[in-house]
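Report on the following structure.
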2 protein chains.
Amino acid sequence: MSVAVFLTPQHPDGVEVDPTRPQLLVTDQSATRGDGVFETLLYRHGRIREEEAHLRRLAGSATALDLPLPEASHWRAAMQLALGRFHESAGEGAEASIRLTASRGVPGESGTFWVLVSAVSRSAATAHGPSDGLRVVLLDRGYDAAAADRAPWLLAGAKTLSYAINMAAQRWAQSHDADDAIFVTSDGRVLEGPTSSVLIARRSATGEVTLLTPELETGILAGTTQAAAFEVAAAAGWKLGYGPLTPADLLAADGVWLVSSVRLAAAVTSIDGVSVPCDPELHRVLVEGLDAAL
Amino acid sequence: MSVAVFLTPQHPDGVEVDPTRPQLLVTDQSATRGDGVFETLLYRHGRIREEEAHLRRLAGSATALDLPLPEASHWRAAMQLALGRFHESAGEGAEASIRLTASRGVPGESGTFWVLVSAVSRSAATAHGPSDGLRVVLLDRGYDAAAADRAPWLLAGAKTLSYAINMAAQRWAQSHDADDAIFVTSDGRVLEGPTSSVLIARRSATGEVTLLTPELETGILAGTTQAAAFEVAAAAGWKLGYGPLTPADLLAADGVWLVSSVRLAAAVTSIDGVSVPCDPELHRVLVEGLDAAL
């Protein structure tokens, strides 16, 4: 079951609506233009994980799109309203995904803003182990590594509702003997998954571990789960680093993961059909750390 | 006023709904992912212009997205139903825009398909003259000219609902002393406008006129109005050609136009702040020809 709460001028802290009934006009620019932004948060172990980081990223995405947004306090209130109603039905403390959507709304009117709380299936929430990990394909994102920087109208780094390419990339992967994709720039830099960030770990000859993620300057999303994983890694005594990373770096790593808010850390087991190792000890530290820390 | 008609399994030829009431679920993937395709057609002078070309392009876009689509006959019936109801209210023969939208729908269910018929404002329908034409900026689309060809998951050439970048480009133009934008590849090829195709005309020393448009291989949309303009040009004895075109070609042309279904042909009067000429005779042939032919 799901609970939907709309933030409206009359109800800035949210009003519950029935998500099984139509709630959007056919002229809403979320539906006609993919013109808006979103965030997906996880409620687990009694709290909303990385709430402030997600609200900050939502605000940053909205700024990139020049989209006026309700204050964070209103989003927090609407999330609490929706979670409260969800837990009345699903049981106290039940794990949930929380999607915040901000649409430009109907032309000439103010935006459309809503919170949708839904049950999380166990398979989605459980991190994959190295043995049941992901087969990924590397897909060219078309952009070179400098495009995001020189062309702000490309909205790189903003989490927009225009996800048709992301969805097409995942369909492409799934129709080519893979589970998911990792985007690379046209000049060979590793970027991100269609709905995830990329992490790699390296263990040196002396046993020192370094956790790396691609650099934000390429226009990737600032991953909230990636940031949490960096905190886990720092606490475990690992070193941290940012790209540039190349496909060769992925193949030579001691572990590659796709991380996202609901799925957490999923180990990558093959890239373009080539098996890649995932050190079980590194995987355990990362997954258990994320589970405890978030 | 507007009329909305949904194509449903129960009503494959369409059923009218009230577009002033919500008709879409908050989980519809048009609104959550920009996952779908669309077309905008013009009804003018008693008929739907370029109906078959638009239906073919809709089908092509849907194929690129692996999105099952109602048969063209159902779209035609739904358009007739919507137009009939529109003309009952707006007056027989009233000019209208017709938007066909095909969404992937709610996860796990079939797609959502609808027709929206709306009045066209005179200013939108009237082609701009050379004197009241468009100031445009050239904006880097981030892709090189070969990206569309090597990366089909980028959905180049498909008219998807994921238009956030197109809208951002137009906002960028309007906040930088311009009216619209023309996208160029990262390697300097002219592509298209965010919601239009680009045409240029050259007049030789001997008076011979050539009408050109960028080549489809760069991943631009196959323009239905561009195709109609080519027919007009051929009838006028002009030669026809396809790119590659560069920004220098735009600046050296005897006319540059942005063409689209509802706006028809709008003359470009400046590019990045540099005035460009538009030969009034060429403009007249193109605009009058499109008006008569379409």
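³J(HN,Hα) across the stretch B:46-62 via Karplus (A = 6.51, B = -1.76, C = 1.60, θ = phi - 60°), whole Hz, x for Gly/Pro?
x, 8, 7, 7, 6, 4, 5, 5, 5, 5, 5, 5, 4, 5, x, 4, 5
Put +1 on the Cβ of each Lys and Arg and -1 on the Cβ of each Asp and Glu in the protein assembly as shown; which of A:ALA248, B:ALA222, A:TRP114 then has its Cα farthest toward the positive end of the dipole?
A:TRP114
If r is the Cβ-Cβ distance from A:GLU217 to A:ASP177 and R0 is 45 Å, what FRET efficiency results, to the nearest 0.05? The partial results should precede the final answer.
Values: r = 33 Å, r/R0 = 0.72.
Given R0 = 45 Å and the Cβ-Cβ separation, E is 0.90.
Just tell me which lysines come within less than 22 Å, Cα to Cα, of B:LYS159; anything on the same chain fewer than 8 places away is out.
List returned: A:LYS159.
Just tell me how shielded B:150-161 is by partners: mean number of partner chain Cβ atoms within 10 Å of each residue's Cβ, no decimals. Spell out each step's value before the answer.
On the way: counts 3, 10, 3, 18, 9, 5, 2, 0, 3, 0, 8, 11.
The per-residue average across the peptide is 6.
Starting from the Cα of B:ASP66, step 7 Å along the direction of its Cβ; do the same at B:THR206; then give the gap between the two resulting points in nm.
5.3
Just tell me how shielded A:30-42 is by partners: mean number of partner chain Cβ atoms within 10 Å of each residue's Cβ, no decimals.
Values: counts 9, 15, 11, 10, 15, 9, 4, 1, 3, 0, 0, 0, 0.
Across A:30-42, the average partner-chain Cβ count within 10 Å equals 6.
With the crude spin-label approximation of a point 7 Å out along Cα→Cβ, what separation in nm comes out for B:HIS45 versus A:ASP149?
About 5.2 nm separates the two model spin labels.
Can you check how the C-alpha radius of gyration of the stretch B:135-284 compares to 2.2 N^0.38 Å, as a plain ratio? Walk me through the numbers on the way to the answer.
Working: Rg = 14.7 Å, N = 150, 2.2 N^0.38 = 14.8 Å.
So the Cα radius of gyration is 1.00 times the expected 2.2 N^0.38 Å.
Where in chain A is the longest stretch that carries no GluC sites (Glu not before Pro) classed as loop by DSSP and with at most 14 other Cβ atoms within 10 Å?
Values: sites that count: A:GLU71, A:GLU92, A:GLU109, A:GLU208.
Longest site-free region, per DSSP loop and neighbour criteria: A:110-207.
Below 14 angstrom from the Cβ of B:GLN10, what's the summed charge of the other residues (Lys, Arg +1; Asp, Glu -1)?
-3
Starting from the amide H of A:LEU240, placed 1.01 Å from N in the peptide plane, find each other amide H under 5 Å away whose residue is 5 or more places distant or on another chain.
Residues meeting the amide H criterion: A:LEU211.
Could you work out the equivalent-ellipsoid semi-axes for the stretch B:2-120, taking the square root of 5 times each eigenvalue of the Cα gyration tensor, largest first, in whole Å?
23, 16, 12
How big is the Rg/Rh ratio for the protein assembly as shown, C-alpha atoms only, Rh by Kirkwood, two decimals? Let's see the in-between values first.
On the way: Rg = 25.2 Å, Rh = 25.4 Å.
Answer for the protein assembly as shown: 0.99.
Through the Karplus equation 6.51 cos²θ - 1.76 cosθ + 1.60, θ set to phi - 60°, convert the phi angles of the stretch B:244-249 into ³J(HN,Hα) values in whole Hz; use x for Gly and Pro.
x, 10, 10, x, 4, 5
Per q in 0.08, 0.16 Å⁻¹, report the Debye log10 I(q)/I(0) for chain B, using one uniform scatterer on each alpha carbon and no solvent.
Log-scaled intensity ratios, in q order: -0.35, -1.34.
Give me the inter-chain shielding for A:167-173: mean count of other chain Cβ atoms within 10 Å, whole number please. Each step should come with its number before you reach the end.
Working: counts 11, 12, 4, 1, 3, 4, 1.
Mean inter-chain Cβ contacts per residue within 10 Å come to 5.
Any chance you could run the full-extension gain for B:ALA236 through B:ASP13? It's 0.36 nm times the residue separation minus the Cα-Cα distance, nm to one decimal.
Details: separation 223, 0.36 × 223 = 80.28 nm, distance 3.97 nm.
Full extension of this stretch gives 76.3 nm more.
Just to check I understand the Karplus step: with θ = phi - 60° and J = 6.51 cos²θ - 1.76 cosθ + 1.60, what whole-Hz values come out for the stretch A:109-118, glycine and proline as x?
Coupling constants for the stretch A:109-118: 10, 6, x, 10, 10, 8, 10, 10, 9, 9 Hz.
I'd like the distance between the alpha-carbon centres of the stretch A:215-249 and the stretch B:14-50, rounded to an integer number of Å.
Here the two parts' Cα centres lie 41 Å apart.
What value, in deg cm²/dmol to 500, does the helix sum -39500 (n - 2.57) over DSSP H runs of n ≥ 4 give at 222 nm once divided by the residues of the protein assembly as shown? The partial results should precede the final answer.
Working: 18 runs with 178 residues, N = 588.
Calculated from helices alone, the mean residue ellipticity at 222 nm is -9000 deg cm²/dmol.
Read the figures in this text as sums done on the coordinates, not as results from a lab. Since the structure is predicted, the reported quantities are computational estimates derived from the model, not experimental observations. Reconstructed Cβ throughout: ideal geometry from the backbone, glycine too, with neighbour counts over all protein chains shown.
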